[in-house]
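Peer 1: Please find one structure pasted underneath; my questions will follow.
The values are calculated or read from the model by the stated rules, or taken from the named source; none is laboratory data. Everything quoted here is computed from the prediction, not taken from an experiment. Cβ sites come from the backbone with ideal geometry, for glycine too, and all protein chains shown count toward neighbours. What goes into the accessible areas is simple: the full protein's heavy atoms, side chains included, and nothing from ligands, DNA or RNA. Shrake-Rupley method; radii C 1.70, N 1.55, O 1.52, S 1.80 Å.
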Amino acid sequence: MRRIISIFKALTLSSLRSPSVIFWNVFFPVILLLILASIFSNIGKEVSFRVNLVDESTTFKNTNMDFASYISRAFEEISAGKNAVITLQSSTTERFLNESLKKLKSGKIDAVIVIPPLFNTQIYAAVAQQKSGLNLFSKPKIEVYTLENSETSDLAFTVISSVLESFNLKILQNSAPLSDFVSPKIEYISKNGQNFSYIDFIVPGILVMAVMTVSLFGITDDLLVQREKKVLRKLFVAPLNKSEYFWAMILSNLTVEIVQTIIILVLGIYLGSHFNIGISVLLYIIFVMVTTLPIGFFIASFAKTSDAGNALANVLNFLFMFLGGLFFPITGVPLAVKIVAYAIPTTYLANGLRWAMGTMSSPTPMYLNILVPSIWAIVMIIYSAKVFKWEV
């Protein structure tokens, strides 16, 4: 065990001292995440806010004290025209309210406004008590339902609040002293449908890419270069066996991958990504690390020289990154591309990680997200164990 720790420290220090290792394994995934997030972060966002209004008011209807109708007209006015701030649908039925809340949960609309049944009466009572100096009745409130952790929904609430502020100024301008009688009461709705967010999509993909890169270039380059320079042969002359060196190399690469994971997750949170961090996420991240590590040993077993190994690593890196759905969804691609995409492990690793993090539902069954990468890993381990030569 002491020899494993010694070799582990030596390999880790060697990686930390290498500018190329630091750049490609740490800085490159961060830079790529920042670039893609800044360019494509507006994918899927609407130009205007989609709002449904439900007027449940029943008192003082069709009179000059029907304050609910004034508010409804105000929202209708700002929804008119080509460049309207909001797209409005309104009704008075409970069925429409239930349908609106379902649409909000699935991300089809951005907010639901509900004017309560006794709203007009509450306004009248509030005005009366303001003039008399009494404080018997609570302030009337309009319920505004928004989608939890949604930037678009939050912006829609800001627009709705400004309309209500204008209502306060116009309708209650004769009240002395002037006060805000109507205030929005915000109610958050948890999302249960799929609403595409690119930053939520890209963070798991970058994480899979970063972990895979360590194996593709770290393990491959270390084994092939050290084999060519006879370093491995000299190491095994010392009281060190191959299994000890093998486990030391695994631990060294896992350390780099853990650092990568922490940096990418923290950066993802900073950029506005919303994801779960729990036991299932941690377990699947470990699964990603374990199933991608054999790729480096496979390449080192297949290639005869370090140049050939780097060339093969670049080909596989390109294939796994761009056809594995790490950066963009693979829907709508030609059949030939889709066949390749569903044959490689990164497609399933990205789908599984997004599902575990709660950012998206997986387009492939979860058992395949575990089975396919496991088969790849097992095949590569068996091949590497039989073919890899420690000496040229």
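Peer 1: Might you let me know whether segment 316-333 holds any residue that is within 25 Å of Ile219 (Cα to Cα), of a type in the set (Val, Ile, Thr) and either open to solvent by 70 Å² or more (accessible area, probe 1.4 Å) or in contact with a Leu (Cβ under 6 Å, 6 or more places away or on another chain) (or both)?
Peer 2: no
Peer 1: Name, by its number, the condition in (1) out of contact with any Asp or Glu (no Cβ under 8 Å at 6 or more places or on another chain); (2) open to solvent by 30 Å² or more (accessible area, probe 1.4 Å) that does not hold for Met360.
Peer 2: (1)
Peer 1: Looking at segment 36-54, is at least one residue assigned to a helix (DSSP H, G or I), at pLDDT below 80 and loosely packed, with under 12 Cβ neighbours inside 10 Å?
Peer 2: Residues of segment 36-54 that are assigned to a helix (DSSP H, G or I), as a first pass: 36-40.
Now narrow it down to the ones that are at pLDDT below 80: 36-40.
Next, from what is left, pick out any that are loosely packed, with under 12 Cβ neighbours inside 10 Å: 38-39.
Yes.
Peer 1: Output the residues belonging to segment 277-303 that are touching a residue at least 12 places away in the same chain (Cβ under 8 Å), open to solvent by 20 Å² or more (accessible area, probe 1.4 Å) and either outside any helix (DSSP H, G or I) or among the aromatic types (Phe, Trp, Tyr) (or both).
Peer 2: Those that are touching a residue at least 12 places away in the same chain (Cβ under 8 Å), open to solvent by 20 Å² or more (accessible area, probe 1.4 Å) and either outside any helix (DSSP H, G or I) or among the aromatic types (Phe, Trp, Tyr) (or both): Ile277, Phe287, Phe297, Phe298, Phe302.
Peer 1: Out of Ile258, Ile202, Ile250, Ile160, which single residue is modelled with pLDDT of 80 or more and exposed (fewer than 15 other Cβ atoms within 10 Å of the Cβ)?
Peer 2: Ile258
Peer 1: Next question, about the same structure. Could you tell me whether segment 106-118 includes any residue that is surrounded by fewer than 16 Cβ atoms within 10 Å (Cβ to Cβ), without any contact (Cβ under 8 Å) to a residue 24 or more places away in the chain and either among the small types (Gly, Ala, Ser) or not in a loop (DSSP other than H, G, I, E, B) (or both)?
Peer 2: no
Peer 1: Mind checking whether some residue in segment 211-226 is charged (D, E, K, R), at pLDDT 65 or above and over 26 Å from Glu76 (Cβ atoms)?
Peer 2: The answer is yes, given that some residue of segment 211-226 is charged (D, E, K, R), at pLDDT 65 or above and over 26 Å from Glu76 (Cβ atoms).
Peer 1: Just need a number here: residues in segment 342-390 that are assigned to a loop (DSSP other than H, G, I, E, B), touching a residue at least 40 places away in the same chain (Cβ under 8 Å) and hydrophobic (A, V, I, L, M, F, W, C).
Peer 2: 3
Peer 1: Of these, Leu353, Leu371, which one is open to solvent by 60 Å² or more (accessible area, probe 1.4 Å), over 20 Å from Ile219 (Cα atoms) and at pLDDT 90 or above?
Peer 2: Leu371
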